[in-house]
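The values are calculated or read from the model by the stated rules, or taken from the named source; none is laboratory data. In this text the structure is predicted, and so the values were computed from the model without any measurement. For neighbour counting, all protein chains shown are included, and Cβ atoms are generated from backbone atoms with ideal geometry for every residue, glycine included. What goes into the accessible areas is simple: the full protein's heavy atoms, side chains included, and nothing from ligands, DNA or RNA. Shrake-Rupley method; radii C 1.70, N 1.55, O 1.52, S 1.80 Å.
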Amino acid sequence: MAEKKYLLEMKNIVKNFPGVQALRGVELQVLPGEIHALMGENGAGKSTLMKCIAGIYKPTSGEIIYDGKVREHYTTAEALSMGISMIHQELSPVLNRPIMENIWLGREPLGTFGLVDHKKMYELSKSVLKEIELDEDPKTLMASLTVAKMQMIEIAKAVSYNSKLIIMDEPTSALTDKEVKQLYSIMKKLKSQGKSIIYISHKLEEIYAITDRVTVYRDGTYIGTENTKDLKVDRLINMMVGRNVNEMFPKVVCPIGEVKLEVRNLSHKRLFKNVSFDVRKGEILGIAGLVGAGRTEVIETLFGIRGKVGGEIFVDGKKVDIQSPRDAIEMGMALLTEDRRRSGIFPMLSVKMNMAIANIPNFLNKIGFIKESYMDGVCDDYVSKIQVKTPSLSQRVENLSGGNQQKVLVARWLMTDPDILFLDEPTRGIDVGTKAEIHRLITNLAGEGKSIVMISSELPEVMGMSDRIMVMHQGKVTGILENSKSLTQEELMAYATNTADEYLKARGTK
């Protein structure tokens, strides 16, 4: 049988960083015209390997064969010229410039006297946007777009290079279901043109919906490659984590105490109106809803990030006035934000400082200096307790995997010893093994009597972890449901789309 000709072949790739061996002799083979998934826990080495392909990192050793030629030590510009483009998980658009300038940045079409031909740039951009079925004016400023639209512009930019190989690192993290389907359509179109796509995602349903083959890595080592259609879910999870994850949602029954937080008719001038709910000690209240439902905005208002125009907040039965996050923290609240990169971590600071920063007053001595040894001891305890994978406390947090960054943020807020935790998408962009660990931690906190409000866009997660579920639609609460065995995803979605009455009538339960 003739040997298959790969578009990309990586052999025995090693990549070392100071104090860390990120890749330990891994391999990858990508065929022309295939959608190839990369899977593995956070820290498995997927993004590092992709940055080696894209010319961002130089491998310590190993061989890269692309388009039939051995490629050595090339730059990102050279990678683009070879037909390799990468859509990064963390977006970095030029916000104060229009879409068309973002697409053609650094390679603007030139006209007479070497000046930029804006008319040609506009027409080229229209063509590229049409190709990915995005109806946006190329002159629109990037700052006016949603994160999802910015993601689609990044895809447009990759398409504009006419790349043979496109790397997509968590491309759906900010997309709605409709936009995800649009992305699938674009990917199938690119595949039909003979282009190859390397697809990184932690969402198993996406892997099975769109990819042809799967390569799995674990702790910087190569585990194996299999055809997606032949790979059972339990086998894939076992390859990724090295063990069977039987309980993705290890929710246990916890004693539910008295009401800790009560919210009555909370309103924002634009984003939501008359939101009312309560949370008891030991309870996990899930908040579900589609993009734009107002879930995050409600939590941010309760935490003092946004101002309210009406409504009342009670903690332990006493009315409180929360004007700032500092007020919220002093009342025993903590907020794990939706976007850890934009509003969570301080990327240039160490793991230790990222953990301790919300609790600095407790680490000061009488004359205002930090008690370093005490801080080190507390942070070490949390690294061990939450199983943060880091070479040391002094490691810059930006060098950790996404899952470990999330654990650092969880540790930050646990150090403040909160009574009420707001968790906004606590497992977004996190692998299945770490998800199970985060879920177990949340359940343990509830068992300690903490009151937890958890937002999740994943219905299995919100149903698997919550005692009750509040559903929102366009800034209004459409229902607060007991999480019984009879509750289905379809019923939750009916409340999320404000069609619960029709749904319940059709089932004969109303």
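State which residue pairs qualify: first residue open to solvent by less than 10 Å² (accessible area, probe 1.4 Å) and inside region 471-483, second residue in a strand (DSSP E or B) and at pLDDT below 90 in any location, beta carbons under 8 Å apart, and separation of 6 or more residues or different chains.
Final answer for the pair search is V471/G289; M472/G289.
When only residues in region 259-272 that are open to solvent by 30 Å² or more (accessible area, probe 1.4 Å) and either among the β-branched types (V, I, T) or under 28 Å from the mean Cα position of the chain (by Cα) (or both) count, which is modelled with the highest pLDDT?
Once the filter is applied, the top-ranked residue is V259.
Condition first: assigned to a loop (DSSP other than H, G, I, E, B) and either at positive phi or buried (at least 17 other Cβ atoms within 10 Å of the Cβ) (or both). Now tell me which residues in region 307-328 satisfy that.
K308, D316, G317, I322
So for region 459-470 (the condition being in a helix (DSSP H, G or I), open to solvent by less than 30 Å² (accessible area, probe 1.4 Å), closer than 30 Å to S350 by Cβ and not hydroxyl-bearing (S, T, Y)), does at least one residue qualify?
Within region 459-470, not a single residue is in a helix (DSSP H, G or I), open to solvent by less than 30 Å² (accessible area, probe 1.4 Å), closer than 30 Å to S350 by Cβ and not hydroxyl-bearing (S, T, Y).
What pairs come up if the first residue lies in region 107-126 and is open to solvent by 100 Å² or more (accessible area, probe 1.4 Å), the second is of a type outside the set (G, A, S), and their beta carbons are under 7 Å apart, counting only those six or more places apart or on different chains?
Filtered contacts from region 107-126: L110/V116; L110/D117; K120/P109.
For the subset of region 186-205 comprising residues that are touching a helix residue (DSSP H, G or I) at 6+ places or on another chain (Cβ under 8 Å) and open to solvent by less than 10 Å² (accessible area, probe 1.4 Å), which member is farthest from N404 (Cα to Cα)?
Ranking the qualifying residues of region 186-205, first place goes to L190.
So which of F363, F346 is surrounded by fewer than 16 Cβ atoms within 10 Å (Cβ to Cβ) and farther than 19 Å from R440 by Cβ?
Answer to the selection: F346.
Identify all residues within region 388-399 that are out of contact with any helix residue (DSSP H, G or I) (no Cβ under 7 Å at 6 or more places or on another chain) and either assigned to a loop (DSSP other than H, G, I, E, B) or buried (at least 23 other Cβ atoms within 10 Å of the Cβ) (or both); write none if there are none.
Within region 388-399, P391, S392 meet the criteria.
Tell me the strands (runs of 3 or more DSSP E) entirely within region 165-273 that contain at least 3 residues that are without any contact (Cβ under 8 Å) to a residue 12 or more places away in the chain.
none
Which members of region 273-294 meet the condition of being of a type outside the set (S, T, Y) and either open to solvent by 20 Å² or more (accessible area, probe 1.4 Å) or touching a His at 6+ places or on another chain (Cβ under 7 Å) (or both)?
Answer for region 273-294, where residues must be of a type outside the set (S, T, Y) and either open to solvent by 20 Å² or more (accessible area, probe 1.4 Å) or touching a His at 6+ places or on another chain (Cβ under 7 Å) (or both): K273, N274, D278, R280, K281, G289, L290, V291, G292, A293.
Kindly indicate whether N96 is in contact (Cβ under 8 Å) with a residue 60 or more places away in the chain, polar (S, T, N, Q) and open to solvent by 70 Å² or more (accessible area, probe 1.4 Å).
It is false that N96 is in contact (Cβ under 8 Å) with a residue 60 or more places away in the chain, polar (S, T, N, Q) and open to solvent by 70 Å² or more (accessible area, probe 1.4 Å).
Starting from region 337-361, take each residue that is within 18 Å of L423 (Cα to Cα) and touching a residue at least 24 places away in the same chain (Cβ under 8 Å) and list its partners that are of a type in the set (V, I, T) and surrounded by 13 or more Cβ atoms within 10 Å (Cβ to Cβ), counting only C-beta distances under 6 angstrom and pairs at least six apart or across chains.
Filtered contacts from region 337-361: E338/T296; G344/T337; I345/V397; N354/I345; N354/V397; N354/V408; M355/V408; A358/T416.
Which one of these is buried (at least 20 other Cβ atoms within 10 Å of the Cβ), farther than 24 Å from I287 by Cβ, at pLDDT 85 or above and among the β-branched types (V, I, T): V410, V383?
One residue alone meets the criteria, V383.
If you go through region 63-88, how many residues are buried (at least 18 other Cβ atoms within 10 Å of the Cβ), under 28 Å from L145 (Cα atoms) and not hydrophobic (A, V, I, L, M, F, W, C)?
1
Which of the residues belonging to region 135-164 are basic (K, R) and free of Cβ contacts under 8 Å to residues at least 40 places away in the same chain?
K149
How many residues does region 33-77 contain that are more than 24 Å from V241 (Cα to Cα) and either of a type outside the set (D, E) or in a loop (DSSP other than H, G, I, E, B) (or both)?
Of the residues in that region, 26 qualify.
Can you name the condition, by its number, that A156 falls short on among (1) surrounded by fewer than 19 Cβ atoms within 10 Å (Cβ to Cβ); (2) small (G, A, S); (3) under 26 Å from K130 (Cα atoms)?
(1)
Regarding region 278-293, can at least one residue be identified that is within 30 Å of G317 (Cβ to Cβ), in a loop (DSSP other than H, G, I, E, B), under 26 Å from the mean Cα position of the chain (by Cα) and in contact (Cβ under 8 Å) with a residue 24 or more places away in the chain?
yes
Kindly list, by first and then second residue, each pair from a residue in region 386-400 that is farther than 19 Å from W413 by Cβ to a residue that is open to solvent by less than 20 Å² (accessible area, probe 1.4 Å) and at pLDDT 90 or above, limited to pairs with Cβ atoms under 8 Å and residues at least 6 apart or on different chains.
Pairs that qualify, where the first residue is farther than 19 Å from W413 by Cβ and the partner is open to solvent by less than 20 Å² (accessible area, probe 1.4 Å) and at pLDDT 90 or above, are S392/V351; S394/V351; Q395/V351; R396/V351.
Name every residue in region 422-431 that is under 19 Å from Q387 (Cβ atoms) and open to solvent by less than 10 Å² (accessible area, probe 1.4 Å), in order of residue number.
P426, T427, I430, D431
Would region 436-452 turn up any residue that is buried (at least 22 other Cβ atoms within 10 Å of the Cβ), at pLDDT 90 or above, outside any helix (DSSP H, G or I) and touching a helix residue (DSSP H, G or I) at 6+ places or on another chain (Cβ under 7 Å)?
There is at least one residue in region 436-452 that is buried (at least 22 other Cβ atoms within 10 Å of the Cβ), at pLDDT 90 or above, outside any helix (DSSP H, G or I) and touching a helix residue (DSSP H, G or I) at 6+ places or on another chain (Cβ under 7 Å).
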